[in-house]
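The values are calculated or read from the model by the stated rules, or taken from the named source; none is laboratory data. All values derive from a computational prediction rather than experimental measurement. As a convention, Cβ positions derive from the backbone with ideal geometry for all residues, glycine included, and neighbour counts pool all protein chains shown.
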Amino acid sequence: MKQACLSIVAVMSLLGSTQRWAAAADALPPPSPPPPSLPSIEEFKERELRIKTVVSRVLPAVVAITSDTPIGTGSGVIINEEGLILTAAHVTDAITENGKRKEVVVVLPDGQRARGEVLGANRTCDAAMVRIIEPALKEWPCVEIGTSDDVAKGSWVVALGQPGGFEDDRSPPVRVGRVWGRDNFGAFFTDCTLIGGDSGGPLFDLEGKLIGIHSSIGGPLTVNRHIGIDNFHTDWARMLKGESWGELILGDVDPKRPVMGAELDRERAPGVTIRSVVAQGPAAMAGLQPGDVITHFGGVALANHLSFIRLISRQQPGDQVQLRIVREGAPSTDVQISLLSRQTLRQLDMRLTAPAPPKIWLGIDVEDAPSGPGAIIQEVAPDSPAARAGLQTGDELTSLDGTPLGGALGLAKSLAPLEPGAVVSFKLRRGGAEIETSVTLTAPLPPTPAPTPDSTPSPTTP
């Protein structure tokens, strides 16, 4: 019996306050934009024709990835005639039982079965490669690779996969949707309806170019995360050589991710503009200030904040990196900065900014909404009051007990006088829908001692 492969849920951990201490690799997408205006009949027909053209071109290259034993199944896509396949790291980990074996079974839409081997994987961003090794054809059906950093919100996309594995009475199901958000790691979110087994499958633009690989399937089947294809470009050579690194964190953000303690402007380019720095964090200690523009990382020119994130994610806590900085009215200068783990920076910031221990625990971190008085949920702690009430990353909280929030600070002020056991009512927006939910607050969890940078465990990244 086929077993749906593991789906990861992108849920981030509690920060415990509404401080926006944001490290360089921390940001999640805003909520879904409102639905688009209805297209004209001509526009609808033109889009339908483009979708049909894309599907007919790419469908033969969409594969199921499984094994000879009923461990699970996922999806993938062939990207060259030699049989190189892109998929998700959690798919290859699940099917090979975390590397106990290298071989997998690849099943094409026409039922043809091939033997494949797992090459490399970047588990941190959930990217992996598989290569067909038998039969050794040189003319496998394949798709064209595009780019993902320039994919705009609202773009129409086509998702395919083999949910539940290969079935001889159907072709890979086709789902159509739109991009509604991005995260700060080069991934993006769509409302294509995906289910278990779609993980590792391809996402295409309406030109028929591969722009992403399905990574995690949300609680609602229309809230899904896709690895941007540019993440594969960054680590292509390492994965092709068979290197695997990083750690796949299920239900949380990797606390060992290297960060520098600065919030970045995600819109301005080229380069990366610093919006704020954490007091006594690496960026602050190196003399960086809000408004500084980082133009180079380790000698590599930065196109935008995504190129910065990809470069810093390849480092380890404790590493020293060189940044080139441009400050208004001054020539560029090079500075050395020592990275910390995300966990260490978070604990440092909480010690510096928390004026008094909180009386209650909600279990979310929020950021001011880009427009209006609301607050966007950036992180939800597992098994927290917020998580048990169904609050999700990306929700926009608009009111508390009938009163407009007044942003992140307003939420903190409203919660401050409350006691454990209090029940509060939130109104929120999610994917264009208005939702109301109640949350029972609890006492905060007992604090844990903050490790020093020297005692912070190193990540598994080689």
Can you name every residue in region 99-134 that is without any contact (Cβ under 8 Å) to a residue 60 or more places away in the chain and part of a loop (DSSP other than H, G, I, E, B)? Lys100, Arg101, Lys102, Leu108, Asp110, Gly111, Gln112
Exactly one of Phe188, Phe166 is part of a loop (DSSP other than H, G, I, E, B) and assigned by TED's automatic domain parsing to the domain that holds Asp126, and that residue is Phe166
Outside any helix (DSSP H, G or I) and over 24 Å from Ala127 (Cα atoms), is that true of Ala284? no
Among the residues of region 65-74, are any under 21 Å from Gly186 (Cα atoms), in a loop (DSSP other than H, G, I, E, B) and among the aliphatic types (A, V, I, L, M)? no
Before we move on, is Leu137 assigned by TED's automatic domain parsing to the domain that holds Gly74, surrounded by fewer than 19 Cβ atoms within 10 Å (Cβ to Cβ), touching a helix residue (DSSP H, G or I) at 6+ places or on another chain (Cβ under 6 Å) and part of a loop (DSSP other than H, G, I, E, B)? no
Does Gly363 satisfy being at pLDDT below 85, of a type outside the set (A, V, I, L, M) and in contact with a Pro (Cβ under 9 Å, 6 or more places away or on another chain)? no
State yes or no: is Gly212 over 25 Å from Lys102 (Cβ atoms), in contact with a helix residue (DSSP H, G or I) (Cβ under 8 Å, 6 or more places away or on another chain), buried (at least 22 other Cβ atoms within 10 Å of the Cβ) and at pLDDT below 90? no
Tell me whether region 35-47 contains one or more residues that are among the hydrophobic types (A, V, I, L, M, F, W, C), outside any loop (DSSP other than H, G, I, E, B) and under 22 Å from Ser171 (Cα atoms). no
Selection over region 375-404 where residues are over 14 Å from Glu436 (Cα atoms) and in a loop (DSSP other than H, G, I, E, B) yields a count of 6
Could you grab the pairs with beta carbons closer than 6 Å, sequence gap of 6+ or different chains, first residue in region 156-171 and farther than 19 Å from Thr53 by Cβ, second one surrounded by 15 or more Cβ atoms within 10 Å (Cβ to Cβ) and β-branched (Val, Ile, Thr)? Pro163/Ile195; Gly165/Thr66; Gly165/Thr73; Phe166/Val107
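Each row is one residue, and each column tells you yes or no for (1) modelled with pLDDT of 90 or more; (2) more than 26 Å from the chain's Cα centre (by Cα).
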{"site": "Gly372", "(1), (2)": "no, no"}
{"site": "Glu379", "(1), (2)": "no, no"}
{"site": "Ala389", "(1), (2)": "yes, no"}
{"site": "Leu400", "(1), (2)": "yes, yes"}
{"site": "Pro417", "(1), (2)": "no, yes"}
{"site": "Val424", "(1), (2)": "yes, yes"}
{"site": "Pro447", "(1), (2)": "no, yes"}
{"site": "Thr456", "(1), (2)": "no, no"}
Anything in region 263-276 that is outside any loop (DSSP other than H, G, I, E, B) and at pLDDT below 85? List them, or say none. Glu263, Leu264, Asp265, Arg275, Ser276
